[in-house]
Amino acid sequence: MNLKADSRLRDLLELVSAYGLILAVIWTPMPAQRILYWLAVVAVVGITVLRREKLQSLGLAPTETRRSLWIVAATLALAVLAVVAAKELGTLHGLPGVGRLSTRTRVIGYLIWSFVQEFLVQVFVLTRLVRLLPRRSLAIAAAALLFAIAHIPNPILICLTLVWALIACPFFLRYRNLYALGLAHGILGLCVAVTVPDAMHHHMRVGLGYLRYQPRHRAIQRSSAPHRVSTHAWVMDEAAILLSERHARP
């Protein structure tokens, strides 16, 4: 019993500490945010490595890849329908550019960030909640709720992430395929970014980034001010910058 209690306590401490760091990143302004971001990365990676879990349990070595690809196909079909509808409604627009980053680089960066989010919610949050709570249904509901809370105060993303997690969590427990979920997540995120007006989702930002969002033309007028971005969009841009940095240097 002591071993079981110790294991549950470890799960709880790991979950609370990592999730707490993630919320701190979301709600802390620059430059402290960047420091907390890397602390969160080190904490999540370090805890995962110390666990020494099998790649299959982490969703990194799926055994039913073909059977699990239906969710990517369904997501792609849904995204196509959304794009067609947005075009008819006049809300379809391109991905906003950031500095020297091309659209392709931003797309790749967002797909990577989508995979990271799925790793966090499925591997780091859901699997621990499954061990902590008496029923899988409760673990799935709790994981979805925590994922949605991390997107406060963006009303669009709160609703979408709650629904998505309620679908994705059972999928992960059934197929253990993080790649399919990361790709599907990326497709849906990019779809929202180009079909829903920025005025509604504030360029996919959460936390302070959502509250401090300014339309592009106003941001240009204040370009001499220190650049402070909190979140989702910042992490996505960070991933894209790392991908393109070597090509940007002379």
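The values are calculated or read from the model by the stated rules, or taken from the named source; none is laboratory data. All values derive from a computational prediction rather than experimental measurement. All Cβ positions, even for glycine, are placed from backbone atoms using ideal geometry, and neighbour counts span all protein chains on display. All accessible areas refer to the heavy atoms of the entire protein, side chains included, with ligands and DNA or RNA removed. Shrake-Rupley method; radii C 1.70, N 1.55, O 1.52, S 1.80 Å.
A few comments on the model shown:
- A simple spin-label model places the labels of Leu78 and Leu39 3.6 nm from each other, with each point 7 Å out along Cα-to-Cβ.
- Of the GluC sites (Glu not before Pro) in segment 57-135, those whose Cβ has at most 15 other Cβ within 10 Å and which sit in DSSP loop: Glu64
- Per residue, the solvent-accessible area of segment 12-98 (1.4 Å probe, heavy atoms of protein chains only, all protein chains present) comes to 62 Å².
- Segment 56-174, relative contact order [Cα under 8 Å, separation at least 6], %: 17 percent
- Cα-projected label distance for Ser57 with Leu92, points at 7 Å along beta-carbon direction, nm: 4.6 nm
- Model label sites at Leu133 and Gln214, defined 7 Å from Cα along the beta-carbon direction, differ in position by 4.1 nm.
- Look at where the Cα atoms of segment 140-182 and of segment 1-49 average out, and the two centres are 18 Å apart.
- When the Cα gyration tensor is reduced to axis lengths a ≥ b ≥ c, the ratio a/c is 1.5 or higher for segment 84-148, and with a/b not above b/c it is classed as oblate.
- Annotation note: trypsin sites (Lys or Arg not before Pro) in segment 1-80 located in DSSP loop regions with a Cβ neighbour count of at most 16 within 10 Å are Arg52, Lys54.
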